[in-house]
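First up is the structure itself, then whatever we jot down about it.
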Amino acid sequence: MTVYIDKYSPQDLLKKFNSKLSCYARLIRLDRPIGTLLLMWPALWGLWIAGAGSPPTSTVIVFVLGVILMRAAGCAINDYADRNFDAHVARTCNRPLATKEITANEAIAIFLILSLIAFALVLTQNLLTIAMSFIAVLLTAIYPFMKRITHIPQLVLGTAFGWAVPMAFTAIRDQVPILGWQIFFAVILWAIIYDTQYAMVDRNDDLKIGIKSTAILFGRNDRLIIGLLQGLMILVLVSIGIATELNIPYYSSLIIGIGLFLYQQYLIRNRDPKDCLAAFLHNNYFGMCIFTGILLDYAVY
């Protein structure tokens with residue numbers, strides 16, 4: 001009996017290896033850092049306020065790396081959950097699971113590996129923060145499936161993205177005061193704002209395939225409700241500034257933030273998918289603006 005063995009040259013093996021790495025990189029959105037940034041800014045808000053402007057460097061490093069890892073893990077589990085839908089949506093049809101460049105089991109493996117690495121980092125923190133991390137993983141895992149169950153998956157996303165805030169307070173203060181929950185609430189509002197803008201991009205496709213979102217729930221009132229949420233978020237941020245006795249740099253950042261929100265309203269005025277996507281991406285500047293105000297305030301006063 002003759003046995004045939006496929007032989008690959010080192011160049012062929014290297015090419016296959018690089019191709020697989022490229023697929024994994026696309027799966028966890030290394031080419032699209034916006035999600036990491038939107039998760040990072042609230043974590044930094046929480047760290048700097050919890051640490052009164054001087055959070056421990058080691059804690060900051062753990063949280064920054066944790067944000068990067070958990071956002072990547074979230075992308076992997078999201079694509080696993082949407083693997084039977086992404087091929088039918090223009091924006092997502094080229095994702096590696098949708099094109100079958102990688103398997104569902106590979107996506108699950110990537111999610112588990114990244115989550116375990118993030119958990120190893122959290123083990124350097126106190127017991128309360130370690131306990132809180134289990135909730136973070138649970139929120140990350142269940143969010144993608146909420147799009148089939150409820151029209152407000154953005155609320156779950158906000159809870160997942162905002163959970164870094166109470167964890168920042170437990171890591172630094174070993175408790176979560178009312179102030180920490182105020183910031184957490186502001187982050188939830190913000191996530192509903194920007195993820196509704198994001199969902200407006202896919203609204204027509206989502207209606208066809210049965211995906212639920214706040215963009216569909218709000219309907220023609222989407223711009224109005226986003227505007228109301230933006231106003232409420234600014235009020236919550238003002239209350240945070242009062243509670244922490246922040247000064248001119250912080251309130252200046254809020255004034256700029258109001259201008260950024262108004263520009264987002266301009267972008268989504270016609271509900272054009274490209275402009276709605278631009279509004280979503282624009283939220284990075286809002287998060288950076290608020291953090292800059294917090295950073296400068298503690299540096300100056």
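Computed from the coordinates by the stated procedures, all read-outs in this text should not be read as laboratory data. Here the structure is a predicted model, which means the values were calculated and not measured. Cβ atoms come from the backbone with ideal geometry, glycine included; neighbour counts cover every protein chain shown.
One table, with the values for the structure above:
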| item | result |
| --- | --- |
| Lysines with Cα under 23 Å of LYS16, excluding same-chain neighbours fewer than 8 positions away | LYS7, LYS100 |
| Furthest towards positive pole of dipole, ILE258, LEU237, ILE216, structure part the stretch 32-300, Cβ charges | ILE216 |
| Cα-based helix-to-principal-axis angle, 222-243 vs the chain, degrees rounded to 10 | 60 |
| 21 Å Cα-Cα reach of LYS147 towards lysines, excluding residues that sit fewer than 8 places from it in its own chain | LYS208, LYS212 |
| J(HN,Hα) series, the stretch 101-111, from Karplus relation 6.51 cos²θ - 1.76 cosθ + 1.60, nearest Hz, glycine and proline x | 6, 10, 9, 4, 5, 5, 5, 4, 4, 4, 4 |
| Cα centre as origin, Lys/Arg/Asp/Glu Cβ charges: the stretch 185-289 dipole, Debye | 280 |
| Nearby aspartates and glutamates by direct alpha-carbon distance to LYS20 (threshold 12 angstrom, same-chain neighbours under 8 apart not counted) | GLU101, GLU106 |
| Folded to 0 to 90 degrees: helix 248-267 orientation relative to the chain principal axis, Cα | 50 |
| Degrees between helix 153-162 axis and first principal axis of the chain (Cα, 0 to 90, nearest 10) | 70 |
| Separation of the LYS20 and LYS208 label points, Cα + 7 Å toward Cβ, nm | 3.4 |
| At R0 = 30 Å, FRET efficiency that the Cβ-Cβ distance of ILE117 and TYR251 yields, to 0.05 | 0.15 |
| Theoretical ellipticity at 222 nm over the chain - DSSP helices of four or more residues, -39500 (n - 2.57) apiece, nearest 500 | -24500 deg cm²/dmol |
| Answer label, with volume of the Cα convex hull per residue in Å³ calculated from the coordinates and candidates [x] 145; [y] 157; [z] 118 | [y] |
